[in-house]
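Heads up: the structure comes next, in structure tokens.
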Amino acid sequence: MPVLRAAAAVALALVLVAGASRAQATDCTRPAAVCERAVDGALPLIADGVPATVLAGADDFPGVLRAARDLRADLSAVAGAEADFSTGAGAAGRTAIIVGTLGHSARVDRIVRERGIDTHHVAGRWEAHLIEVVDAPEPGIDRALLIAGADKRGTVFGIYELSRRLGVSPWTWWADVPVPRREALHVAPGRFVDAPAVHYRGIFINDEDPALGGWMKATYGGPNHRFYERVFQLILRHKGNYLWPAMWGRAFHDDDPRNAELADEMGVVIGTSHHEPMMRAHVEWERHGDGPWDYTRNRDRLQAFWREGIGRMGEHESVVTLGMRGDGDEPMSEDTAIDLLERIVADQRRIIAEVTGRPAEETPQVWALYKEVQDYFDTGMDVPDDVTLLFADDNWGNIRRLPQPDERRGGGYGVYYHFDYVGGPRNYKWINTVQIERTWEQMRLAYAHGVDRLWIVNVGDIKPMEFPISFFLDYAWNPDGLPVEAVTAYPAAWAAEQFGPEHADEIGGILTRYTQYNARRKPELLSPDTYSLVNFGEADRVLADWDALAERTRHIGAALPAEYRDAYYQLVEYPVLASANLNHLYIAVARNRLHAQQGRASANAWADEAERLFARDAELARVYEEDIAGGKWTHMMSQPRIGYTHWQQPDRNALPALAAVTARERGTMGVAVEGDARGWPVPAETAKLPPLDPFGARTRAVEVFNRGVAPFTFTARSNQPWLRVVPAEAEVDDALPLRIEVDWDAVPEGKHVARLHLRGSDRTEVHIAVPVSVPPRGGRIDGFVESDGVVAIEAQHHARAAAPDGLAWEVIPNLGRTLSGVTSVPTTATATAPGAGGAWLEYPVHLHAGGEVEVRMVLSPTLDYQHRGGLRYAVSIGDEAPQTVTMQLDPTPGHPAFQAWQRAVADSVYTGTSRHRVEAGAQTIRLWRVDPGVVFQRVELVRGEPRPSYLGPPESVRR
């Protein structure tokens, strides 16, 4: 099998994520690795295109037999020839794959007993399985690959693990990933044992209209068992075991009784969402309830309603959600008392015990500490010890609360996480905006603090969240097995699983980059005002990023074999091209409005461009829904994403308002200068450029534009010999950028203000002041150099990092808006005081002047997950005492830090500030660790008020 570039890193990602699983194709000597070439002692799974027989026991679980038949189908697809499947004892040929559950398959139990198979690390262990080559397992079979599970799902997961090793992606059906054909495949000898670290691992289908809801109705007629069969298989192929079903207007048990039966048969544990207690869907109260959803006024009817839910659950494997929120996932009331919620839960547990005939603690239960319920818990709400406490994020991927690392409870802890959300400050439902690096960083925090009972993630419509779903479920299987290096390698490894190894590195890079760009600001939050048109070339830089990515995406798509076209469009091309197009659209609207404000004739052309881009968005979605996979994914990209004006989605995509101008017939000169949105000339004022210097600002942007239809000519001259404009004269039809050039060797030391004079053939004149600063020559300059009153540094680019024993600094590549994140590890270490003996990062800077400055730390918006008053860090410059800064964010409406939280999640960062007095020349900024969990992205030292932009100034020059 071909080896990936950077194969060691990619193999590390897969080996560690999935417990030494499918990327063992890059290391054929590992136990139970599946490879095209045979190593000593290998067992052929496919020989000369003929696949091995799959054998199971008729006495095994129906879900195991179903998975075994899936393995037979997968093996047949890989070989291009039908594999045999049997539950009997007839002749099977010289080799076979034998699957079964310990204690439930007489066939497997006999092989284990007679061949002396060691099941010590498997038997009795939750969802454990072994994969091992066995000699002479039964008469007529020389050798076999044995897959034995400790329980039903253990066997199922072992089966699907082998499917992934064969090269069959879990997304084969859900994203039309082709199955690679192989003439020969061998499994290496040896023994592989695996089991999950997190007990329940699953997804929540939510906010599913209009996309998934429309698709499931068109494809299956609704949310019936035929639809859910596909969902269950997807979860199990990822070695997940848990589902919160679709719930807006849908009821898993009520819509089709076969849904729950099939889930139990296949091995998927069913729960209900955080606000649907006692195995009843939200809409069931509307269908079958009587009276208000209010326990203080309608207790008896609610109890009867819940009793029916527990009775209907029967013996099906389930996790019962406790508690109660208001109708429609709202708080019950503004003054809900803790004792009322405790009484509700006590009554619910009594119902569980009465209906099941067993003590309540024998039925798995979860209480979701979601939104206001978290506040009740913080103020002392009592939760029975056997109930799993389900902590939640803030709906934006930032975990709200975690237990102390040494806290334990019988029911354990879980996390409810989000890849999709409907609510403030804005819905985000359309496209994947998940940085797996942030998911990893937050869920690592959770796991390190003992959260290992239940991980559930809101995935919206399932599509287009394929990539982060895989990551979340893979990570949940073995969190300790995924260090930061493997996170960085994971996108390429995942790409290899979908598209083969040849282009995996490039595709993995695209996945990393488009999610980073989308996470800067979610598409639904984009507006014409997001990126600056006049400062730092920001809008142009953003579009250049997207254009380069789109070009790479198209180039690789053209190079892939035709059979990958459908999958590539769904998983890579559409997300990139549609996201790039949306950014172009909003910036086109912004240019239209700016040009209209400046009186440019080109405003109308930008309106036309915005309309073209709006139509292209619809066309890209049409291709997804109608052309790809023969129209299989109808409705799936119907989620509105353009034209949001408040938190809730618009009814349909709506092009933002555009401006129009009536252009003059004759050509008329106008001038735009960097840092100023006005069009010049402005009566009685002189235009002024931001300062130039030989370090970070060697040139500035000036554009001559036309306010009319006919062309005009202009001339430009400077009052200083060391400053010139290129071109100095030209004819202008629409607009012409000018290049401001400085002969830095000829400029005297010190500060100067040169002047440019522009004159149009229409007699319009514009004067531009050009501040130029040259520091004393010959002096040594070290570190990041101030320019235009700003020093901007990526946190990763520290000169020194110090930490006492037991602590270290870790770079998380690609995390955040610009480059990476830097945090301290371990995440469970206690707080440390800044100063002597502490942990710090050091950044040398060169400042042109003394005075007061502000240090702005750009941080990931981590919440106060230990409930101690906010996360802290400290800053010092030079020999001054460190200043401690507290990051205070709270998603609770009415909380003093609520507005800061809204800004932080909308911007994807929190900016902390501290003020300092500095001397000119060489200085050193130190960032001090105080609390764990703080993730630094950028350091910005600013003098006065910097020019506004979304992403901040580009990184400063380092000398």
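The values are calculated or read from the model by the stated rules, or taken from the named source; none is laboratory data. Computed from a predicted structure; not experimentally measured. FYI the Cβ positions are ideal-geometry reconstructions off the backbone, even for glycines, and counts take in every protein chain you see.
With the checklist (1) among the aliphatic types (A, V, I, L, M); (2) more than 26 Å from ALA337 (Cα to Cα); (3) assigned to a loop (DSSP other than H, G, I, E, B) in hand, flag the one item MET278 doesn't pass.
All conditions are met except number (2).
Within region 173-195, can you find the residues that are crowded, with 20+ Cβ neighbours inside 10 Å and not in a loop (DSSP other than H, G, I, E, B)?
LEU185, HIS186, VAL187, PHE192, VAL193, ASP194 - these are the residues of region 173-195 that are crowded, with 20+ Cβ neighbours inside 10 Å and not in a loop (DSSP other than H, G, I, E, B).
Can you name the residue in region 118-142 that is among the charged types (D, E, K, R) and surrounded by 20 or more Cβ atoms within 10 Å (Cβ to Cβ) and is also nearest to VAL108 (Cα to Cα) among such residues? Write out each step before concluding.
From region 118-142, those among the charged types (D, E, K, R) are 118, 125, 127, 132, 135, 138, 142; that's our starting set.
With surrounded by 20 or more Cβ atoms within 10 Å (Cβ to Cβ) added as a condition, the list becomes 127, 132.
Numbers: GLU127: 16, GLU132: 12 Å.
Out of the qualifying residues, it is GLU132.
With the requirement that a residue be within 15 Å of TYR428 (Cα to Cα) and of a type in the set (Val, Ile, Thr), what does region 451-482 give you?
Correct list: VAL457, VAL459, ILE462.
Just one of (1) under 26 Å from GLU229 (Cα atoms); (2) under 35 Å from the mean Cα position of the chain (by Cα); (3) surrounded by fewer than 21 Cβ atoms within 10 Å (Cβ to Cβ); (4) touching a residue at least 40 places away in the same chain (Cβ under 8 Å) trips up ILE159, so point out which.
It fails just one condition, (3).
Can you list residue pairs whose Cβ atoms sit under 6 Å apart, with the first residue in region 680-703 being not assigned by TED's automatic domain parsing to the domain that holds SER532 and basic (Lys, Arg) and the second being outside any strand (DSSP E or B) and at pLDDT 95 or above? Count only pairs 6 or more apart in sequence or on different chains.
ARG700/GLU674; ARG700/LEU689
Kindly indicate whether ILE147 is buried (at least 24 other Cβ atoms within 10 Å of the Cβ) and over 21 Å from PRO62 (Cβ atoms). Let's see the steps before the verdict.
On the way: buried (at least 24 other Cβ atoms within 10 Å of the Cβ): yes; over 21 Å from PRO62 (Cβ atoms): no.
Here the answer is no, as ILE147 does not meet what is asked.
Given (1) more than 28 Å from THR272 (Cβ to Cβ); (2) of a type in the set (Gly, Ala, Ser); (3) in contact with a strand residue (DSSP E or B) (Cβ under 7 Å, 6 or more places away or on another chain); (4) not in a helix (DSSP H, G or I), identify the lone condition not met by GLY202.
All conditions pass for GLY202, except number (1).
Quick check on region 46-68: of everything there that is touching an Asp or Glu at 6+ places or on another chain (Cβ under 9 Å) and assigned to a helix (DSSP H, G or I), which residue is nearest to ARG165 (Cα to Cα)?
My answer is ALA68.
Taking the options VAL373, VAL366, name whichever one is in a helix (DSSP H, G or I) and either touching a helix residue (DSSP H, G or I) at 6+ places or on another chain (Cβ under 6 Å) or in contact (Cβ under 8 Å) with a residue 40 or more places away in the chain (or both).
On the way: VAL366 fails: in a helix (DSSP H, G or I).
Result of the check over VAL373, VAL366: VAL373.
Of all residues in region 413-458, count the ones that are of a type outside the set (Ser, Thr, Tyr) and assigned to a loop (DSSP other than H, G, I, E, B). Walk me through it before giving the result.
To start, the set of residues in region 413-458 that are of a type outside the set (Ser, Thr, Tyr) comprises 414-415, 418-420, 422-427, 429-432, 434-438, 440-446, 448-458.
Subsequent filtering for residues that are assigned to a loop (DSSP other than H, G, I, E, B) retains 419-420, 422-427, 429-432, 434-435, 449-453.
Going through region 413-458 one residue at a time, the tally reaches 19.
Can you name every residue in region 230-253 that is charged (D, E, K, R) and surrounded by fewer than 18 Cβ atoms within 10 Å (Cβ to Cβ)? Steps first, answer last, please.
First, pick out the residues of region 230-253 that are charged (D, E, K, R): 230, 237, 239, 250.
Within region 230-253, ARG230 is the sole residue that qualifies.
Does region 627-668 hold any residues that are over 19 Å from PRO528 (Cβ atoms), among the β-branched types (Val, Ile, Thr) and in a loop (DSSP other than H, G, I, E, B), and which are they?
Scanning region 627-668 gives THR634, THR662, THR668.
Taking region 823-855, which residues are closer than 30 Å to PRO483 by Cα and among the charged types (D, E, K, R)?
GLU842
When the residues of region 314-342 are narrowed to those that are out of contact with any helix residue (DSSP H, G or I) (no Cβ under 8 Å at 6 or more places or on another chain) and outside any loop (DSSP other than H, G, I, E, B), which ends up modelled with the lowest pLDDT?
This residue is GLU330.
For VAL112, work out the one condition from (1) crowded, with 17+ Cβ neighbours inside 10 Å; (2) out of contact with any helix residue (DSSP H, G or I) (no Cβ under 8 Å at 6 or more places or on another chain); (3) at pLDDT below 95 it doesn't fulfil.
(3)
Just the residues that are within 13 Å of ARG153 (Cβ to Cβ) and in a loop (DSSP other than H, G, I, E, B), please, taken from region 228-275.
Correct list: HIS238, LYS239, GLY240, ASN241, GLY267, VAL268.
Determine the pairs where a residue that is farther than 20 Å from HIS595 by Cα, located within region 735-747, has a partner that is modelled with pLDDT under 95 and polar (S, T, N, Q) with Cβ atoms under 6 Å apart, the partner being 6 or more residues away or on another chain.
ILE740/THR699
Going through region 799-847 one residue at a time, which ones are among the hydroxyl-bearing types (Ser, Thr, Tyr) and part of a strand (DSSP E or B)?
Residues satisfying the conditions are SER820, THR823, SER824, TYR843.
How many residues does region 493-545 contain that are more than 22 Å from the chain's Cα centre (by Cα), surrounded by fewer than 19 Cβ atoms within 10 Å (Cβ to Cβ), outside any loop (DSSP other than H, G, I, E, B) and acidic (Asp, Glu)?
Residues flagged as more than 22 Å from the chain's Cα centre (by Cα), surrounded by fewer than 19 Cβ atoms within 10 Å (Cβ to Cβ), outside any loop (DSSP other than H, G, I, E, B) and acidic (Asp, Glu) within region 493-545 amount to 1.
Check VAL383, VAL415, VAL387 and return the single one that is touching a residue at least 60 places away in the same chain (Cβ under 8 Å), aliphatic (A, V, I, L, M) and either crowded, with 20+ Cβ neighbours inside 10 Å or in the same structural domain as ASN458 (by TED's automatic domain parsing) (or both). Before the answer, list the steps.
Values: VAL383 fails: touching a residue at least 60 places away in the same chain (Cβ under 8 Å); VAL415 fails: touching a residue at least 60 places away in the same chain (Cβ under 8 Å).
VAL387 is the lone residue from the list that is touching a residue at least 60 places away in the same chain (Cβ under 8 Å), aliphatic (A, V, I, L, M) and either crowded, with 20+ Cβ neighbours inside 10 Å or in the same structural domain as ASN458 (by TED's automatic domain parsing) (or both).
Under the condition of being under 22 Å from VAL319 (Cα atoms) and among the hydroxyl-bearing types (Ser, Thr, Tyr), which residue from region 365-408 is modelled with the lowest pLDDT?
Residue satisfying both the conditions and the ranking: TYR370.
Since VAL64 meets every condition but one in (1) more than 19 Å from VAL168 (Cβ to Cβ); (2) touching a helix residue (DSSP H, G or I) at 6+ places or on another chain (Cβ under 6 Å), which condition does it not meet?
(1)
Show the residue pairs that are 6+ apart or on different chains and have beta-carbon atoms under 9 Å apart, the first residue being within region 67-89 and in the same structural domain as VAL268 (by TED's automatic domain parsing), the second being in a loop (DSSP other than H, G, I, E, B).
Note: no pairs meet the criteria.
Which one of these is in contact with a Pro (Cβ under 6 Å, 6 or more places away or on another chain) and under 30 Å from PHE714 (Cα atoms): ALA590, ALA677, ALA601, ALA607?
Numbers: ALA677 fails: in contact with a Pro (Cβ under 6 Å, 6 or more places away or on another chain); ALA601 fails: in contact with a Pro (Cβ under 6 Å, 6 or more places away or on another chain); ALA607 fails: in contact with a Pro (Cβ under 6 Å, 6 or more places away or on another chain).
It is ALA590.
Return the total of residues in region 207-226 being surrounded by fewer than 23 Cβ atoms within 10 Å (Cβ to Cβ), within 28 Å of ASP651 (Cα to Cα) and of a type outside the set (Asp, Glu).
So in region 207-226, the residues surrounded by fewer than 23 Cβ atoms within 10 Å (Cβ to Cβ) come out as 209-210, 213-214, 217-222, 224-226.
Cutting the leftovers down to within 28 Å of ASP651 (Cα to Cα) gives us 209-210, 213-214, 217-222, 224.
In the following step, the residues that additionally are of a type outside the set (Asp, Glu) were identified as 210, 213-214, 217-222, 224.
Going through region 207-226 one residue at a time, the tally reaches 10.
Return yes or no: is SER163 outside the structural domain of ASP566 (by TED's automatic domain parsing), at pLDDT 95 or above, in a loop (DSSP other than H, G, I, E, B) and among the small types (Gly, Ala, Ser)? Break it down into steps so the answer makes sense when it comes.
Numbers: outside the structural domain of ASP566 (by TED's automatic domain parsing): yes; at pLDDT 95 or above: yes; in a loop (DSSP other than H, G, I, E, B): no; among the small types (Gly, Ala, Ser): yes.
Spelling it out, it is not the case that SER163 is outside the structural domain of ASP566 (by TED's automatic domain parsing), at pLDDT 95 or above, in a loop (DSSP other than H, G, I, E, B) and among the small types (Gly, Ala, Ser).
Does any residue of region 891-902 turn out to be within 30 Å of ASP693 (Cβ to Cβ), crowded, with 20+ Cβ neighbours inside 10 Å and among the hydrophobic types (A, V, I, L, M, F, W, C)?
So the first thing to find is which residues in region 891-902 are within 30 Å of ASP693 (Cβ to Cβ), and the list is none.
No, that holds for no residue.
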